[in-house]
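Right, one structure below, let's go through it.
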Amino acid sequence: DIESRSVMLNIIRNKIIRILKALGASGITKIVLIIILLVFMTLVYASSNAKNISLETFEETLKSKSNMAGMKKCTNRQLMQFMNLDYNSYDSFLYYRSKDAMSADELLIIKAYKKNDIPLVEDAVDARIAGRIKTFEGYAPNQVNLLNNAVIYKKGRYLFYAVGKNADSCQEVFEDAV
């Protein structure tokens, strides 16, 4: 049995050597480059996709792992009012704002139906940040600083946006989930 395996491996090795000789150096280089390209494309595609998570389940994880005190959950109407986003256009969302009108703290996670809906959400977030900076500019420079350091993270069909002192920790919890 060991002898037959050895003979079989020798035959395979000889066939591979013949094929490689027939291809020549440029043929081998082309094959190696194609393999590298395929591996690279697979890695890029895999890294841009996100797990399909339930935002309701994620909300519980977020509350348990980060400080959400001082934040209130917003309604569908408030998503439209403050972010200018129609909740019917998206699979689901989480939107929290500070209970304090003098605070810029907020958190938004949108799960879009399609990945190509995310740029529209990003535009709305950018407009929100610009509007909030204009609002706080004259009298709350610390809030303007928080807005200038807002976290926006996109992965797959998700967009994460957070403003506040714990924005980075909320982002970490989100990245771990998706």
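If I ask for residues that are open to solvent by less than 30 Å² (accessible area, probe 1.4 Å) and of a type in the set (A, V, I, L, M), which ones from the range 101-132 would you list?
Across the range 101-132, the qualifying residues are ALA104, LEU107, LEU108, ILE109, ILE110, ALA112, ILE118, VAL121, ALA124, VAL125, ILE129.
State whether one or more residues within the range 29-49 are of a type in the set (A, V, I, L, M, F, W, C) and touching an Asp or Glu at 6+ places or on another chain (Cβ under 8 Å).
no
Any chance you could count how many residues in the range 113-144 are aromatic (Phe, Trp, Tyr) and at pLDDT 90 or above?
Looking only at that region, the number is 2.
Which of the residues belonging to the range 114-146 are out of contact with any helix residue (DSSP H, G or I) (no Cβ under 8 Å at 6 or more places or on another chain), touching a residue at least 40 places away in the same chain (Cβ under 8 Å) and farther than 18 Å from GLY164 by Cα?
LYS114, LYS115, ILE118
Please go through the range 18-53 and give me each residue that is open to solvent by less than 70 Å² (accessible area, probe 1.4 Å), among the polar types (S, T, N, Q) and either modelled with pLDDT of 80 or more or in a helix (DSSP H, G or I) (or both), ordered by number.
SER48
Condition check: among the hydroxyl-bearing types (Ser, Thr, Tyr), open to solvent by 50 Å² or more (accessible area, probe 1.4 Å) and at pLDDT below 95. Does TYR158 satisfy that?
Considered against the rule, which asks whether it is among the hydroxyl-bearing types (Ser, Thr, Tyr), open to solvent by 50 Å² or more (accessible area, probe 1.4 Å) and at pLDDT below 95, TYR158 comes out as no.
Of all residues in the range 76-88 being out of contact with any strand residue (DSSP E or B) (no Cβ under 8 Å at 6 or more places or on another chain), farther than 15 Å from ILE129 by Cα and of a type in the set (S, T, N, Q), which is most open to solvent (accessible area, probe 1.4 Å)?
Among those that are out of contact with any strand residue (DSSP E or B) (no Cβ under 8 Å at 6 or more places or on another chain), farther than 15 Å from ILE129 by Cα and of a type in the set (S, T, N, Q), it is ASN88.
The values are calculated or read from the model by the stated rules, or taken from the named source; none is laboratory data. On a predicted model such as this, the values are computed, not experimentally measured, just so you know. So basically every Cβ, Gly included, is an ideal-geometry build from the backbone, and we count neighbours across all protein chains shown. Surface accessibility is based on the protein's heavy atoms, side chains included, excluding ligands, DNA and RNA. Shrake-Rupley method; radii C 1.70, N 1.55, O 1.52, S 1.80 Å.
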